[in-house]
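Engineer: Questions regarding the structure given below will be posed in turn.
The values are calculated or read from the model by the stated rules, or taken from the named source; none is laboratory data. Treat the numbers as computed from the prediction; the structure is a model and nothing was measured. Cβ placement follows ideal geometry from the backbone for every residue including glycine, while neighbour counts extend to all protein chains displayed.
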Amino acid sequence: MPQPLSIDTDYLLTVLRNLLAIPSPTGYTDEVVRYVCGELETLGIPYELTRRGAIRANLKGRQESPDRALVAHVDTLGAQVKSLKDNGRLALVPIGHWSSRFAEGARCTVFTDTGRYRGTVLPLKASGHTFGDEVDEQPTNWQSVELRVDAPAVCRGDLDALGFNVGDFVAIDPQPEFPDTGFIVSRHLDDKAGAAAALAAAKAVMDARAALPVDCHLLFTISEEVGSGASTVLHQDVAEMVTIDNGTPALGQNSRETGVTIAMADSTGPFDYSLTHRLLALCREHGIPHQRDVFRYYRCDSAAAIEAGNDIRTALVCFGVDASHGYERTHVGALESLCRLLTLYMQCEPEGPLRV
C-alpha cells in the first residue's frame, strides 16, 4: 500500500522561485533545462537529455519495464520580433497561444545575437494625453502592440545599429509575488509550478527511500506551449503517463485554486478511465482535497504524446491557476496537495496491462 510522504514545502517554493527567475519561452530553454538538471543531480536522480534538450530522469522501481512517467513542461509563453519598425520600435508575434491584452504593459527582455535589452510592450496608442478616447477604442490583437526598447532608438537604423534582428526572442517578466496568504501570483506558473511540484514529489520519494513498484520517469518537456510537448520524449517502455499542468478556475469550470483538479477530458477527448479513477481513489483514501473538471479549450503533453502514436494510458492532474496565460494565481495548498498525490501514485501498482 502507498504511504503518505512528507513534502518539503520550503524546497517546493524555492525551486518555483528559481524557475520563475529563468526566462524560458519555447525555443529559448537551455538555461532552465540546465537548472532542472542541476536539481536532479543534487537529488541523486539520474537523467539524460534528448537531442532537442528535453529531460528524461528516472526513479528506480522494483520492475524496470513496462513502467510509468510523470511529465511537466518548463517552456513558457513569450514572443519574437516580427519586424523592426520605422519608429524605432519592434513588432511582435506571440510564442504560444495568449492574448495581446495580457502583453500590454508587460516588462520584458529581448535577447539579441550580441546581448540583451530591457523593454515594455505597449499598445500603438499608449498615451491618453495624446490620443484621448482612442486609447480605449483600439482593437486587441498582436498587430496593435509594439515593443519599446530601453535604448536610444527612434528609427529602424538605430535598431539595426544596436543589433536587433527579426526572430529575436522576447521573454515576458513573471513579476512573482508570494504574499503571506498562501497565494502565489506570477506569470508562467503554467507550468513552472508543475515542474517544481514534480521535483518536490521526487525529493519526497528519495528522502523517504520509498519503494516503487515500477520505474517512474520524470519528463520535463520544452515545447508544450506550441503543441509538440511530449510527442517525442517518451521512453518506449512507458505504459502510463500522468501530465502535471494547470487547471482553470473560472465561470463554468469546476477547477479551484485549492486541492488537486483531476481532468476528465480536454479538447482532444477523455483521459484514460482506469488511470484517472485510480488517482481519484488515492485522493479519497488519503484525504487529499480534489475536484474534477473538463476543459474545452485546453491541450497538454498527454495529447501530444497520444497524437504522436504512443500506445499509453494518460491522465492530467492540475493545480488551479486563475487567469491562466495572463497574470496567473494559484495557492501553495494546491501545490502541496498535488505533491502528495504524485508521491502516492508513484508507489502504486500500475494499471491493467502493466500487471505481471
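Engineer: Could we say that D245 is in a strand (DSSP E or B), of a type in the set (D, E, K, R), in contact with an Asp or Glu (Cβ under 6 Å, 6 or more places away or on another chain) and under 27 Å from E177 (Cα atoms) here?
Structural biologist: Yes; evaluated as a whole, the condition is true for this residue.
Engineer: All but one of (1) buried (at least 24 other Cβ atoms within 10 Å of the Cβ); (2) among the hydroxyl-bearing types (S, T, Y); (3) modelled with pLDDT under 95 hold for S231, so report the exception by its number.
Structural biologist: Against the list (1) buried (at least 24 other Cβ atoms within 10 Å of the Cβ); (2) among the hydroxyl-bearing types (S, T, Y); (3) modelled with pLDDT under 95, S231 comes up short only on (1).
Engineer: Still on this structure, please answer the following. Counting only residues that are modelled with pLDDT of 95 or more and either surrounded by fewer than 12 Cβ atoms within 10 Å (Cβ to Cβ) or more than 14 Å from N87 (Cβ to Cβ) (or both), how many does region 115-131 have?
Structural biologist: Final tally of qualifying residues: 6.
Engineer: Looking only at region 1-51, filter to residues that are among the hydrophobic types (A, V, I, L, M, F, W, C) and touching a Ser or Thr at 6+ places or on another chain (Cβ under 6 Å); which one of those is farthest from T109 (Cα to Cα)?
Structural biologist: Selected residue: L5.
Engineer: Please give the number of the condition L316 fails out of (1) surrounded by fewer than 23 Cβ atoms within 10 Å (Cβ to Cβ); (2) on the phi < 0 side of the Ramachandran plot; (3) modelled with pLDDT of 95 or more; (4) not polar (S, T, N, Q).
Structural biologist: All conditions are met except number (1).
Engineer: Could you please let me know if R89 is without any contact (Cβ under 8 Å) to a residue 24 or more places away in the chain and either out of contact with any Cys (no Cβ under 8 Å at 6 or more places or on another chain) or surrounded by fewer than 16 Cβ atoms within 10 Å (Cβ to Cβ) (or both)?
Structural biologist: no
Engineer: Could you check how many residues of region 319-330 are on the phi > 0 side of the Ramachandran plot and buried (at least 24 other Cβ atoms within 10 Å of the Cβ)?
Structural biologist: Residues in region 319-330 being on the phi > 0 side of the Ramachandran plot and buried (at least 24 other Cβ atoms within 10 Å of the Cβ): 0 in total.
The rows are residues; the columns are (1) assigned to a strand (DSSP E or B); (2) assigned by TED's automatic domain parsing to the domain that holds R51; (3) hydrophobic (A, V, I, L, M, F, W, C).
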{"position": "D215", "(1), (2), (3)": "yes, yes, no"}
{"position": "Q253", "(1), (2), (3)": "no, yes, no"}
{"position": "R256", "(1), (2), (3)": "no, yes, no"}
{"position": "I262", "(1), (2), (3)": "yes, yes, yes"}
{"position": "L275", "(1), (2), (3)": "no, yes, yes"}
{"position": "R278", "(1), (2), (3)": "no, yes, no"}
{"position": "Y298", "(1), (2), (3)": "no, yes, no"}
{"position": "A305", "(1), (2), (3)": "no, yes, yes"}
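Engineer: Now a separate question. Does region 330-345 include one or more residues that are among the aromatic types (F, W, Y) and under 19 Å from the mean Cα position of the chain (by Cα)?
Structural biologist: no
Residue-wise test of (1) touching a residue at least 40 places away in the same chain (Cβ under 8 Å); (2) surrounded by fewer than 15 Cβ atoms within 10 Å (Cβ to Cβ); (3) of a type outside the set (F, W, Y); (4) in the same structural domain as N87 (by TED's automatic domain parsing).
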{"position": "W142", "(1), (2), (3), (4)": "yes, no, no, yes"}
{"position": "V145", "(1), (2), (3), (4)": "yes, no, yes, yes"}
{"position": "G167", "(1), (2), (3), (4)": "yes, yes, yes, yes"}
{"position": "D180", "(1), (2), (3), (4)": "no, yes, yes, no"}
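Engineer: Scan region 58-72 and give yes if some residue there is in the same structural domain as A211 (by TED's automatic domain parsing) and within 19 Å of R187 (Cβ to Cβ), otherwise no.
Structural biologist: yes
Engineer: Hand me the list of strands (runs of 3 or more DSSP E) wholly inside region 17-75 holding 2 or more residues that are polar (S, T, N, Q).
Structural biologist: Strands (runs of 3 or more DSSP E) meeting the threshold: 63-73.
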